[in-house]
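Take a look at the structure set out below.
The values are calculated or read from the model by the stated rules, or taken from the named source; none is laboratory data. Note that the structure is a prediction, hence the values are computed from the model and not measured. All Cβ positions, even for glycine, are placed from backbone atoms using ideal geometry, and neighbour counts span all protein chains on display. Heads up: the accessible areas ignore ligands, DNA and RNA and are worked out on the full protein's heavy atoms, side chains in. Shrake-Rupley method; radii C 1.70, N 1.55, O 1.52, S 1.80 Å.
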Amino acid sequence: MAGNVLAHITPPSKFGVSLMFLALATPILLVTLPTNRYLAGRYLAVKNWALAHFVHHIMLPLTPPMHKWAIYFTSIMTYLLLLNLMGLMPYIYAPTSNMLITLGLAIPATIATISLGMRTQPAHALAHLVPEGSPMPLVPFLILIETMSLLIRPLALGIRLAANLTAGHLLIKLLSSATKILISTLPLLALFTLTALTVMTLLELAVAVIQAYVFTLLLALYTQENV
């Protein structure tokens, strides 16, 4: 039973080859580049409007020197958003529900921000390990605690994204299975589960957007601390 419930978050395979990389590459294929050969249609207009709002909301809590990173953070958010939304479509695997993928995105990005801070301003980066005004006897323990918090950051980023999406997908799976079973025996109860399934699907659309935004915003804040 547990295997059947978790089957939808298992990477599919065809002829013994995992389709993980195809799922990861699909959002890149969906993004169209601007060109002078045609006028902007509805799709490009909506995409440009969405990107403008993404940039505005991501850069709003950051200082002006961080605005040069707008393309980097907007690209990450757009990629995660497309992966999250793609996972809500029928018969399509969601790579961001796999912790290996989310940790593979979070760990290198976090290590890059820490390395950048240590290279550009090492004194400022090391100063974060000891809060101002700390008693000298507690300094070694504070350094250990702050170092552990830095190591936990990428784990928290990756696990939060995967756990939230997996939980929502499991609820949708359970509600859809219950609706399929009850529709022939208890139609009224099946109508209730169908309503709950519709509401849960709309909620998952919001979760897909929010989780992509939270992942990108936290990564931007971590980068700001080091830059």
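Filter the stretch 58-76 down to the residues that are under 16 Å from the mean Cα position of the chain (by Cα) and open to solvent by 60 Å² or more (accessible area, probe 1.4 Å) and list them by number.
Result: 72, 75.
Within the stretch 183-218, count every residue that is part of a helix (DSSP H, G or I) and either among the aromatic types (Phe, Trp, Tyr) or over 26 Å from residue 89 (Cβ atoms) (or both).
Looking only at that region, the number is 7.
Going residue by residue through the stretch 5-28, is there one that turns out to be modelled with pLDDT of 80 or more, open to solvent by 50 Å² or more (accessible area, probe 1.4 Å) and over 16 Å from the mean Cα position of the chain (by Cα)?
Checked the stretch 5-28: no residue is modelled with pLDDT of 80 or more, open to solvent by 50 Å² or more (accessible area, probe 1.4 Å) and over 16 Å from the mean Cα position of the chain (by Cα).
Quick one: what pairs do we get from the stretch 167-180, first residue modelled with pLDDT of 80 or more, second hydroxyl-bearing (Ser, Thr, Tyr) and open to solvent by 30 Å² or more (accessible area, probe 1.4 Å), C-beta under 8 Å, 6+ apart or different chains?
Qualifying pairs under 8 Å: 172/201.
Looking at the stretch 92-115, which of its residues are open to solvent by 60 Å² or more (accessible area, probe 1.4 Å) and either in contact with a Cys (Cβ under 7 Å, 6 or more places away or on another chain) or assigned to a loop (DSSP other than H, G, I, E, B) (or both)?
92 - this is the single residue of the stretch 92-115 that is open to solvent by 60 Å² or more (accessible area, probe 1.4 Å) and either in contact with a Cys (Cβ under 7 Å, 6 or more places away or on another chain) or assigned to a loop (DSSP other than H, G, I, E, B) (or both).
Please go through the stretch 124-150 and pick out each residue that is open to solvent by less than 80 Å² (accessible area, probe 1.4 Å), part of a helix (DSSP H, G or I) and at pLDDT below 75.
Selection gives 125, 127, 139.
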